[in-house]
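Notes to accompany the following structure.
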């Protein structure tokens, strides 16, 4: 077996052997070896956000006269390739790594610098033309880049594009829950528009131009169409991750709403012989390997599992957010991963749930009428007219004999026929005031 070519690179800790083709450098490769934990890498939206930050920094530093045109052009092109996903294979780091995300910021700096070397016709690993720290990371640090990448990637991701259709009063309640969910998703974007960029290492802004954040944010807005703004207080923005915790809390609330909707629909469609059976769900696949003809509410179950995952992610994000130490949070990578994973899962499952379940739901009208007629709740509207005790007697007799409330009331002649019909009209009973008050 032929051994793959390797190259030697140096960082502040010494020499490191790494694959010759890899665009990441020595420091990143140390992290690859240090953290073989989960196999989970940062997602595409996060890597895109990193690319956009490095792209905006190069533009802004050139605007300020701090970066010459040639270097700026190379960094801009390489950063564009990162943002577009062309260099994703060169971001190998595990989520469970340096708590500040320094390894991943370094990864981006090294990849962009080495890609610049390629673009300039220089060998990978040569730092004379574009240096990962001096040029790519100019005016930045991991401590303002990583939290900003979390905010940008989450704010750019669209959530809750689809909404369930209305099906009677019960479904109008679900529709309102979804309407509120869309509002909560928008609130998440709002809290994420505040970026830590410009705070550098600890919030003081050391080693960056005073106008760098303003110019970076202008470039980011032009690219993303989102009006990001500089943190009102950089110590809060870097020491605390309350905005991420808040955004995750909104996602958790959305998940709780969707779980309730999916679970209700699952039960309403249960049957067809011994369940509720008020609605009929689209048959998407066989439900059993042993029971022929069985069809399960699989789309509802998928939604419910996603919601459980999102609620679990929120617990992790909450605890990670609480672990900010003075001017630095040391659990940012897992916060980024879980927040973006929650957004991705919710967006995907809502789309398939609407397409493969909600839009195909049909009301089983005959079964609904049967259940209403057999319900002892029918006696409720009689209570204001015949008194609570007499109404309770009818309810008990109905439960004992299996006969309907209407049949027993008619037999006992408790009200004139027309008044009985009006009082026991199930449609009127669902309206404000009900028939019993009239």
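The values are calculated or read from the model by the stated rules, or taken from the named source; none is laboratory data. In this text, all values refer to a predicted model and were calculated from it rather than measured experimentally. Methodologically, a virtual Cβ is constructed for each residue, glycine included, from the backbone with ideal geometry; neighbour enumeration extends over all protein chains shown.
For the range 23-30, indicate whether the set of residues that are under 30 Å from residue 326 (Cα atoms) and surrounded by fewer than 20 Cβ atoms within 10 Å (Cβ to Cβ) is non-empty.
yes
Anything in the range 356-365 that is exposed (fewer than 15 other Cβ atoms within 10 Å of the Cβ) and either in contact with a strand residue (DSSP E or B) (Cβ under 7 Å, 6 or more places away or on another chain) or part of a loop (DSSP other than H, G, I, E, B) (or both)? List them, or say none.
If the condition is that a residue be exposed (fewer than 15 other Cβ atoms within 10 Å of the Cβ) and either in contact with a strand residue (DSSP E or B) (Cβ under 7 Å, 6 or more places away or on another chain) or part of a loop (DSSP other than H, G, I, E, B) (or both), then 362, 363 are the ones that fit.
Please determine whether any residue of the range 192-204 is within 22 Å of residue 315 (Cβ to Cβ) and either touching a residue at least 40 places away in the same chain (Cβ under 8 Å) or touching a strand residue (DSSP E or B) at 6+ places or on another chain (Cβ under 9 Å) (or both).
yes
Name the residues in the range 247-260 that are surrounded by 24 or more Cβ atoms within 10 Å (Cβ to Cβ) and either more than 11 Å from the chain's Cα centre (by Cα) or outside the structural domain of residue 333 (by TED's automatic domain parsing) (or both), would you?
Residue satisfying the conditions is 258 alone.
Hey, residue 1 hits all of (1) surrounded by fewer than 19 Cβ atoms within 10 Å (Cβ to Cβ); (2) farther than 13 Å from residue 136 by Cβ; (3) modelled with pLDDT of 95 or more but one; which does it fall short on?
(3)
Given the criteria under 30 Å from residue 297 (Cβ atoms) and under 51 Å from the mean Cα position of the chain (by Cα), does residue 379 qualify? Talk me through it step by step, then tell me what you get.
On the way: under 30 Å from residue 297 (Cβ atoms): no; under 51 Å from the mean Cα position of the chain (by Cα): yes.
No: the conditions fail for residue 379.
Tell me the residue from 210, 244 that is at pLDDT 95 or above, on the phi < 0 side of the Ramachandran plot and surrounded by fewer than 18 Cβ atoms within 10 Å (Cβ to Cβ), please.
Step by step, each of 210, 244 is checked, and only 210 is at pLDDT 95 or above, on the phi < 0 side of the Ramachandran plot and surrounded by fewer than 18 Cβ atoms within 10 Å (Cβ to Cβ).
Over 37 Å from the mean Cα position of the chain (by Cα) and under 28 Å from residue 258 (Cα atoms): which single residue out of 341, 370, 366 fits that description?
366 is the lone residue from the list that is over 37 Å from the mean Cα position of the chain (by Cα) and under 28 Å from residue 258 (Cα atoms).
Exactly one condition in (1) assigned to a helix (DSSP H, G or I); (2) under 27 Å from the mean Cα position of the chain (by Cα); (3) closer than 21 Å to residue 119 by Cβ is not met by residue 103; state its number.
Status for residue 103: all satisfied but (3).
How do the pairs read when you match residues in the range 65-79 that are under 15 Å from residue 134 (Cβ atoms) with residues anywhere that are at pLDDT 95 or above and part of a loop (DSSP other than H, G, I, E, B), using Cβ under 7 Å and keeping only pairs 6 or more apart or on different chains?
66/138; 66/209; 67/138; 71/130; 74/120; 74/130; 75/130
Table: residues versus (1) outside any helix (DSSP H, G or I); (2) under 30 Å from residue 182 (Cα atoms).
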{"residue": "354", "(1), (2)": "no, yes"}
{"residue": "367", "(1), (2)": "no, no"}
{"residue": "372", "(1), (2)": "no, no"}
{"residue": "379", "(1), (2)": "no, no"}
{"residue": "385", "(1), (2)": "no, no"}
{"residue": "391", "(1), (2)": "no, no"}
{"residue": "398", "(1), (2)": "no, no"}
{"residue": "408", "(1), (2)": "no, no"}
{"residue": "415", "(1), (2)": "yes, no"}
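Within the set of pairs 6+ apart or on separate chains, which have a first residue in the range 247-260 that is outside any helix (DSSP H, G or I), a second that is modelled with pLDDT under 95 and surrounded by fewer than 24 Cβ atoms within 10 Å (Cβ to Cβ), and C-beta atoms under 8 Å apart?
none
What's the total number of residues in the range 53-73 that are assigned to a helix (DSSP H, G or I) and surrounded by fewer than 24 Cβ atoms within 10 Å (Cβ to Cβ)?
8
Looking only at the range 205-216, which residues are under 15 Å from residue 151 (Cβ atoms) and without any contact (Cβ under 8 Å) to a residue 40 or more places away in the chain?
Of everything in the range 205-216, just one residue is under 15 Å from residue 151 (Cβ atoms) and without any contact (Cβ under 8 Å) to a residue 40 or more places away in the chain, namely 213.
Kindly check whether there is at least one residue in the range 320-329 that is touching a strand residue (DSSP E or B) at 6+ places or on another chain (Cβ under 9 Å), part of a helix (DSSP H, G or I) and assigned by TED's automatic domain parsing to the domain that holds residue 256.
yes
Do we find a residue being without any contact (Cβ under 8 Å) to a residue 12 or more places away in the chain and touching a helix residue (DSSP H, G or I) at 6+ places or on another chain (Cβ under 6 Å) anywhere in the range 97-116? First the steps, then the outcome.
So the first thing to find is which residues in the range 97-116 are without any contact (Cβ under 8 Å) to a residue 12 or more places away in the chain, and the list is none.
There is no residue in the range 97-116 that is without any contact (Cβ under 8 Å) to a residue 12 or more places away in the chain and touching a helix residue (DSSP H, G or I) at 6+ places or on another chain (Cβ under 6 Å).
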